[in-house]
Amino acid sequence: MAHIRHIISHTDLDGVTAAAVAWHHFKKQSPLKVTLTGYGSVDGMILENLNAHIPMVVLDLFCQKEATIEEIDRTHQPEEPPFLFDHHETTAQRYSNRPWIVVDTSMCAAKVYLEWLLQHEPGTSARCLAGMVDIANDRDLWLNQREESRLWQAMITLCGPESILTRLAFNPSWQLESFEENAAKDFIERQEGRFEKALEIISRSKDIAFVEDGILEFGDVSDFGGLVLDRLDNPPLIVAVAARRVMGDWVLSLRSRNAMAGNVVGILRDGKKVRGGGHDDSAALYFPPFYSQEQIKSSLDAAVRTIQERDKPVGTSLGDLLKAALNDKQKN
């Protein structure tokens with residue numbers, strides 16, 4: 001019996017582009033189900049597909065529970081190709097040796113997947129998205145070499161990830177139509193106004209800039225993080241933007257320039273109540289609905305303090321003593 005194939009990917013520009021790559025590759029091979037989601041749901045979807053023997057491809061996301069990893073290890077057959085493609089440092093550090101995953105932190109997930117397809121399936125119809133993949137790569141790695149990457153991110157925010165996926169399925173060109181470009185530029189102009197408001201009322205300490213729910217919109221975080229971290233005098237160590245989602249849970253988007261975001265996720269993520277993942281400097285945490293913003297802020301503050309204490313020098317070492325003794329001897 002022929003099965004559908006389930007494409008599971010993230011909701012940002014990288015995830016949407018990766019899903020479009022998979023859609024174009026498989027569109028003439030099997031019926032396709034596409035789900036754009038976050039870290040809080042990916043484990044359940046993977047396990048459901050494994051139990052139902054539904055082939056899948058998982059992009060720009062990774063499991064949050066060890067039980068999911070164990071089940072994949074148990075069921076994946078050596079002759080089967082990898083089905084999970086990612087680029088996050090947290091994934092590469094622990095799981096890059098698994099045969100069912102391809103991880104490369106030097107490029108976005110869409111590019112990881114397309115490069116793998118071009119190597120193993122050179123006739124893939126997903127080649128038509130190469131230009132769009134370069135846009136997503138510029139955006140996700142924060143290269144700032146392509147103006148179009150911010151315009152496409154604006155389109156994600158304006159229209160939603162599902163609509164942009166539909167656009168790329170229908171028209172894989174990275175070049176925006178004139179009406180799309182006009183709408184994106186208008187959005188960016190209004191976005192700058194939200195940034196000004198956020199900067200006025202931001203909860204700011206020496207180390208943390210915390211933006212409460214309702215000030216910024218989905219898709220604002222990366223540009224706002226760049227504004228605070230790269231363009232302000234005396235920037236904080238980390239920018240955190242809180243947003244309560246429709247189901248009541250919280251997403252805390254984190255941006256940094258010193259691996260602080262990834263370290264915070266590593267400390268606060270427990271795989272049960274608090275989930276999350278991402279890059280060293282671009283990551284997210286998901287808190288249950290019963291958390292308040294004050295509790296989230298306190299958790300973040302505690303994690304940053306823990307990292308700072310952990311990274312402090314541990315006092316005078318034997319090497320320091322020997323070096324001091326040598327210097328004294330040379331002086332005498």
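The values are calculated or read from the model by the stated rules, or taken from the named source; none is laboratory data. Everything numeric here is computed off the predicted structure, so don't read it as measured data. For the accessible areas, the whole protein counts, side chains as well, though only heavy atoms, and no ligand, DNA or RNA atoms are used. Shrake-Rupley method; radii C 1.70, N 1.55, O 1.52, S 1.80 Å.
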Express in nm, to one decimal, how much length is gained between Ile188 and Glu294 on full extension, taking 0.36 nm for each residue of separation and deducting their alpha carbon distance.
35.1 nm
Could you report the accessible area of Arg98 in Å², rounded to 10, computed with a 1.4 Å probe on the protein chains as they sit in the structure?
60 Å²
In the chain, carbon and sulfur make up what percent of the accessible area (probe 1.4 Å)?
50 percent
Of Lys197, Lys272, ordered by accessible area with the largest first and a 1.4 Å probe, the sequence is Lys272, Lys197
Residue-averaged [θ]222 nm for the chain, counting only DSSP H segments that reach four residues, each worth -39500 (n - 2.57)
-16000 deg cm²/dmol
Roughly how many Å² of Asp301 are accessible to a 1.4 Å probe, to the nearest 10?
60 Å²
The Rg/Rh figure for the chain, Cα atoms and Kirkwood Rh, to two decimals is 1.03
Give me the compactness ratio for segment 100-256, meaning the Cα radius of gyration over 2.2 N^0.38 Å.
1.15
Determine one quarter of the surface area of the Cα convex hull of segment 191-311, which equals its mean projected area, and express it in nm² to one decimal.
7.1 nm²
Show me the three semi-axes of the equivalent ellipsoid for segment 5-176, from the C-alpha gyration tensor (sqrt of 5 times each eigenvalue), largest first, rounded to whole Å.
25, 17, 15
Let me know the whole percent of all Cα-Cα pairs from segment 82-134 that are separated by more than 16 Å.
41 percent
Determine the per residue accessible area of the chain with all protein chains present and a 1.4 angstrom probe, expressed in square angstrom.
50 Å²
